[in-house]
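A quick write-up on the structure given underneath.
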Amino acid sequence: MRPKRIVRDGYDAAALRYLEWSALRPSAIRLRFLARILDLLPDRAEVLELGCGAGIPVTRALAARHRVTGVDISPVQLELARRHVATATFLEADLASVEFPPASFDAVVAFYSLIHVPRREHAGLLARIRGWLRPGGRLFATMGAGDNPDGVDEDWLGIPMFFSHFDAETNRRLVREAALEVEEADVIEEDEDGRAVSFLWVIARKPIREARRSA
């Protein structure tokens, strides 16, 4: 549980710093994909956001048009999210173990959150996400673009933070192996305070009809 405690305690301690550093000045890439989500979702969709943070800008924009459930491991972040987005439902939970009934959501959104989950849990989490999606539902996710075994950045926004992810090609394969149809999976570089960082931005769909299995 140490990685999960590092993530929870880190985001608790840096909640306001992260809000000012990221949420209040979102990258053009984040805003572009948020616009894609809003464009692709049906009206009044049921949306699950994994790693909702303080609830802005993503949760707030989604909740203006859809029914949103936000999940985060940080109670301080969730306290901020409840203030910012009164119409959404929020749960404090580990992304990799939270439970929802099958076919509960039209979309699952995970911006910059899967990279904080130990990568040995990614395949199982993707399979669970597929189960939560309705037929035709989509996953919108930020995943790693380079190989990064479990590790801790001791001075990320002034606090220790855990990161873990596979390279882009492995992540594409994991999404396909979860029986999700990859619609987009592009490595995009963005500027992070003068430092170039790259993420794999994924849009994947649960098939409307299951493929027939041969006898």
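Nothing in this text is a laboratory measurement; each read-out follows from the coordinates by a stated rule. Nothing here was measured: the structure is a model prediction, and the numbers come from that model. Neighbour counts run over all protein chains shown; Cβ positions are idealised from the backbone, glycine included.
Tabulated results
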{"quantity": "Residue among ILE129, ILE203, ILE159 with the largest mean-square fluctuation in a Gaussian network model of the chain, springs linking Cα atoms under 10 Å", "calculated": "ILE159"}
{"quantity": "Table column - 3J(HN,Hα) (Hz), segment 102-118, Karplus curve with 6.51, -1.76, 1.60, x for Gly and Pro", "calculated": "x, 6, 8, 10, 7, 7, 10, 10, 9, 8, 6, 10, 4, 6, 9, 9, x"}
{"quantity": "DSSP bridge pairs, the chain: antiparallel proportion in percent, nearest 5", "calculated": "60 percent"}
{"quantity": "Dipole of segment 95-215, positive direction: furthest Cα of PRO135, LEU125, VAL182, with charges on the beta-carbon", "calculated": "PRO135"}
{"quantity": "At most 12 other Cβ within 10 Å, DSSP loop - trypsin sites (Lys or Arg not before Pro), segment 46-142", "calculated": "none"}
{"quantity": "Residues with amide H under 5 Å from that of GLY70, placed H, sequence gap 5 or more", "calculated": "GLU49, THR89, PHE90, LEU91"}
{"quantity": "Nearest-0.05 FRET efficiency for GLU99 and ARG17, computed from C-beta distance (R0 35 Å)", "calculated": "0.65"}
{"quantity": "Long-range tail of P(r) for segment 19-140 (Cα pairs > 20 Å, %)", "calculated": "38 percent"}
{"quantity": "Choice from ASP153, ASP72, ASP167 showing the highest fluctuation, given a GNM over the chain with Cα pairs closer than 10 Å", "calculated": "ASP153"}
{"quantity": "Cβ-derived FRET efficiency at R0 30 Å, ARG83 paired with GLU177, nearest 0.05", "calculated": "0.15"}
{"quantity": "DSSP-assigned coil residues among GluC sites (Glu not before Pro) in segment 98-190, each with at most 11 further Cβ atoms within 10 Å", "calculated": "GLU99"}
{"quantity": "Nitroxide proxy distance, nm - points 7 Å out along Cα→Cβ at ARG195 and THR170", "calculated": "2.1 nm"}
{"quantity": "Label assignment, Cα extents along the principal axes in Å derived from the structure, set (1) 46, 36, 29; (2) 56, 38, 32; (3) 57, 34, 29", "calculated": "(2)"}
{"quantity": "Förster radius 45 Å - calculated FRET efficiency between ARG120 and LEU38 (Cβ-Cβ, nearest 0.05)", "calculated": "0.85"}
